[in-house]
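Visitor: This is the structure I have questions about; it appears just below.
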Amino acid sequence: MESKNLWVYIETDEGRAKNVGFELLNPGRRMADKLGEKLVAVVLGKGIAEAAKTAIACGADQVITVDSEDFATYNSDIHTCAMVQLIEKYRPAIVLYGATNNGRDVGPRVACALKTGLTADCTGLDIDENGLLASTRPAFGGNLMATISCPNTKPQMSTVRPGVFKKPVLDEGRTGEIITEMVNIPAAQVRVHLLERVREVAEAVDLEGAEVIVSGGRGLKSAENFALVRDLAKAMGGVVGASRAAVDAGWIPHAHQVGQTGKTVAPKIYVAVGISGAIQHLAGMSGSDTIIAINKDPDAPIFSVADYGIVGDAFEVVPALIAAMEAHKK
Ligand SMILES: Cc1cc2nc3c(=O)[nH]c(=O)nc-3n(C[C@H](O)[C@H](O)[C@H](O)COP(=O)(O)OP(=O)(O)OC[C@H]3O[C@@H](n4cnc5c(N)ncnc54)[C@H](O)[C@@H]3O)c2cc1C
């Protein structure tokens, strides 16, 4: 049977879909049109009718749902087994997953079970001249971008980080087909059992969904000085981000890190304070709409991607900006 159609795996948790699945319907739509095939969203979960409707509003032609208590929370074995069964039944040409913790778990497991390839952590997706998925990702520590294809086995699979693509604008008038599937999960294949669910108590940071991010780097010199970044973020109604140097120094938790080994963000405004603009940092934020850089070195690479650059000492510039904003509010 010939492989066709492009699938996007929509991850859910207790019925709620993660944004990244919808984001992937954006390049998914473009690529499915290029191939002249259907864009199919696959939603496994419990109480997922809303997620299925949203997938259609985001551009899916078809949604395959498996709605069962077994899928209410993520389970490596159950989700892998279900995806393998569905893929064997429908034979999609391409499957895309969000590079979340669970997406990074299920994608490679499915690839391994089906003896096909998977390109992890892609930052770009396209269809090449041979009709193959061309997945682009940073390689060699981010020093070059590699475009990888999987010509000999199907499906071709990739994981993509949250925030790399923008969620499509919802078109509530769109219609599509919803297929309700049942899967049979043999008990012997389920080696992982959820004993207890512990909610993360760490500070929740929604960098991917933020419209304004103010990030600080090594230029801030200490954990105490990082307060300056928090104050500016507060004044701008934004969220605090950081370079890896600031995270490695222990000034701020890793959940705030932006870049290749942190989060990929695309806010309306990204302010980089005391960040040099290493390629690994740029990999995570260059998709921002407007980038403002504050750095005392006029040759800092961050200025090459900045829309507005302030060459100056952050310890003078940031308090002045906050004071100006406070004055404006009055
Ligand atoms: C495999 C790999 C993955 C990586 N992943 C990431 C990642 O996800 N995210 C990430 O950020 N990095 C990542 N890095 C690290 C990256 O290469 C850089 O080392 C890091 O981004 C540097 O952080 P920084 O810009 O804060 O520090 P620096 O490069 O030291 O820059 C500090 C900047 O502050 C400026 N400055 C100093 N004092 C002031 C002042 N008073 N006022 C204003 N400006 C001042 C300086 O001019 C300088 O430009 C990765 C590296 C590797 C090898």
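The values are calculated or read from the model by the stated rules, or taken from the named source; none is laboratory data. Not measured: the values here are computed from a predicted model. Cβ: placed from backbone, ideal geometry, glycine included. Neighbour counts: every protein chain shown.
Visitor: Here's a check for you: in segment 260-285, which residue that is under 21 Å from Ala314 (Cα atoms) and not hydrophobic (A, V, I, L, M, F, W, C) is surrounded by the fewest Cβ atoms within 10 Å (Cβ to Cβ)?
Guide: Within segment 260-285, the match that is surrounded by the fewest Cβ atoms within 10 Å (Cβ to Cβ) is Ser276.
Visitor: All but one of (1) assigned to a helix (DSSP H, G or I); (2) small (Gly, Ala, Ser); (3) more than 27 Å from His193 (Cβ to Cβ) hold for Gly59; state the number of the condition that does not hold.
Guide: (1)
Visitor: Also, I was wondering about something else. Can you tell me which residue is surrounded by the fewest Cβ atoms within 10 Å (Cβ to Cβ) among those in segment 104-135 that are of a type in the set (Ser, Thr, Tyr) and part of a loop (DSSP other than H, G, I, E, B)?
Guide: Thr116
Visitor: Then there is this: Please go through (1) in a helix (DSSP H, G or I); (2) at pLDDT 95 or above for Ile64 and return the number of the only condition it doesn't satisfy.
Guide: Failing condition for Ile64: (1).
Visitor: Could you check segment 250-277 and list, in sequence order, the residues that are within 9 Å of the ligand (Cβ to nearest atom), without any contact (Cβ under 8 Å) to a residue 40 or more places away in the chain and more than 16 Å from the chain's Cα centre (by Cα)?
Guide: Gly277
Visitor: Shifting gears a bit: Check off (1) buried (at least 18 other Cβ atoms within 10 Å of the Cβ); (2) within 12 Å of the ligand (Cβ to nearest atom) for Arg218 and give me the number that stays unchecked.
Guide: Every listed condition holds for Arg218 apart from (1).
Visitor: Still on this structure, I have one more. Tell me the residue from Asp105, Asp33, Asp77 that is without any contact (Cβ under 8 Å) to a residue 40 or more places away in the chain and out of contact with any strand residue (DSSP E or B) (no Cβ under 9 Å at 6 or more places or on another chain), please.
Guide: Working: Asp33 fails: out of contact with any strand residue (DSSP E or B) (no Cβ under 9 Å at 6 or more places or on another chain); Asp77 fails: without any contact (Cβ under 8 Å) to a residue 40 or more places away in the chain.
It is Asp105.
Visitor: Could you go through segment 195-210 and let me know if any residue there is in a loop (DSSP other than H, G, I, E, B), among the acidic types (Asp, Glu), at pLDDT below 95 and within 16 Å of the ligand (Cβ to nearest atom). Spell out how you get there, then give the answer.
Guide: Of segment 195-210, the ones in a loop (DSSP other than H, G, I, E, B) are 195-210.
From what is left, the residues that are among the acidic types (Asp, Glu) are 196, 200, 203, 206, 208.
Restricting the remaining residues to those that are at pLDDT below 95 gives 196, 200, 203, 206, 208.
Imposing the further condition that a residue be within 16 Å of the ligand (Cβ to nearest atom) reduces the set to 208.
Yes.
Visitor: From Ile56, Ile78, grab the single residue that is more than 20 Å from Gly107 (Cβ to Cβ), at pLDDT 95 or above and not acidic (Asp, Glu). Let's see the steps before the verdict.
Guide: Numbers: Ile78 fails: more than 20 Å from Gly107 (Cβ to Cβ).
The unique qualifying residue is Ile56.
Visitor: Further question on the same structure: I'd like the residue in segment 292-311 that is without any contact (Cβ under 8 Å) to a residue 60 or more places away in the chain and surrounded by 23 or more Cβ atoms within 10 Å (Cβ to Cβ) and, out of all such residues, is farthest from the chain's Cα centre (by Cα).
Guide: Ile294
Visitor: Ok, one more. So for segment 93-103 (the condition being over 26 Å from Glu208 (Cβ atoms) and either outside any helix (DSSP H, G or I) or touching an Asp or Glu at 6+ places or on another chain (Cβ under 8 Å) (or both)), does at least one residue qualify?
Guide: Yes, there is a match, as at least one residue in segment 93-103 is over 26 Å from Glu208 (Cβ atoms) and either outside any helix (DSSP H, G or I) or touching an Asp or Glu at 6+ places or on another chain (Cβ under 8 Å) (or both).
Visitor: Any chance segment 82-93 includes a residue that's among the aromatic types (Phe, Trp, Tyr) and at negative phi? Write out each step before concluding.
Guide: So the first thing to find is which residues in segment 82-93 are among the aromatic types (Phe, Trp, Tyr), and the list is 90.
Subsequent filtering for residues that are at negative phi retains 90.
Yes.
Visitor: Do we find a residue being in contact with an Asp or Glu (Cβ under 9 Å, 6 or more places away or on another chain), buried (at least 17 other Cβ atoms within 10 Å of the Cβ) and within 28 Å of Thr123 (Cα to Cα) anywhere in segment 240-249? Spell out how you get there, then give the answer.
Guide: Start the filter on segment 240-249 by keeping residues that are in contact with an Asp or Glu (Cβ under 9 Å, 6 or more places away or on another chain), which leaves none.
For segment 240-249, residues in contact with an Asp or Glu (Cβ under 9 Å, 6 or more places away or on another chain), buried (at least 17 other Cβ atoms within 10 Å of the Cβ) and within 28 Å of Thr123 (Cα to Cα): absent.
Visitor: Assuming Met285 fulfils every condition listed in (1) without any contact (Cβ under 8 Å) to a residue 40 or more places away in the chain; (2) closer than 26 Å to Gly98 by Cβ; (3) more than 8 Å from the ligand (Cβ to nearest atom) apart from one, which condition is it?
Guide: Among (1) without any contact (Cβ under 8 Å) to a residue 40 or more places away in the chain; (2) closer than 26 Å to Gly98 by Cβ; (3) more than 8 Å from the ligand (Cβ to nearest atom), the lone unmet condition for Met285 is (1).
Visitor: Moving on. Residue check: is Pro27 assigned by TED's automatic domain parsing to the domain that holds Glu129, crowded, with 20+ Cβ neighbours inside 10 Å and touching a Pro at 6+ places or on another chain (Cβ under 8 Å)? Please lay out each step first, then the result.
Guide: Values: assigned by TED's automatic domain parsing to the domain that holds Glu129: yes; crowded, with 20+ Cβ neighbours inside 10 Å: yes; touching a Pro at 6+ places or on another chain (Cβ under 8 Å): no.
The answer is no for Pro27.
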